[in-house]
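Presented below is the structure to which this report refers.
No value in this document is a laboratory result; all are computed from the given coordinates. Just so it is clear, the structure is predicted and the values come from calculations on it, not from any experiment. Note: ideal-geometry Cβ built from the backbone for every residue, glycine included; neighbour counts use all protein chains shown.
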Amino acid sequence: MNKEKVKSLKERYPAGTRIKLDYMDDIQAVTAGTKGTVDHVDDMGTIHMKWDNGSSLGICPDTDRFHVVGKAGE
């Protein structure tokens, strides 16, 4: 992922942003519908999460589907 796209992801999904998962392409996927809080976006563009179910599996924004349900600081 290029640096500009990673920068955009970091701006769009700052720590504290609330996300709801729609689909995750992973053998250990978090269940669709699970909500969580963004911990950080790393330099590869992975969105690291603290899921409400206790998981910490990251989101790959080019593969997984999700949507924001609350902004950081709300």
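Data table
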quantity	calculated
Likely footprinting exposure, Ile59, Ile19, fewest C-beta neighbours within 10 Å first	Ile19, Ile59
Residue exposure sequence - Val69, Val38 - by fewest surrounding Cβ within 10 Å	Val69, Val38
The chain - mean residue ellipticity at 222 nm from DSSP helices (-39,500 (n - 2.57) per run, n ≥ 4, rounded to 500)	-4000 deg cm²/dmol
Rotationally averaged projected area of the chain (alpha carbon convex hull; nm²)	4.4 nm²
Charge dipole magnitude, Cβ of K and R +1, D and E -1 - segment 13-74, Cα centre, debye nearest 20	320 debye
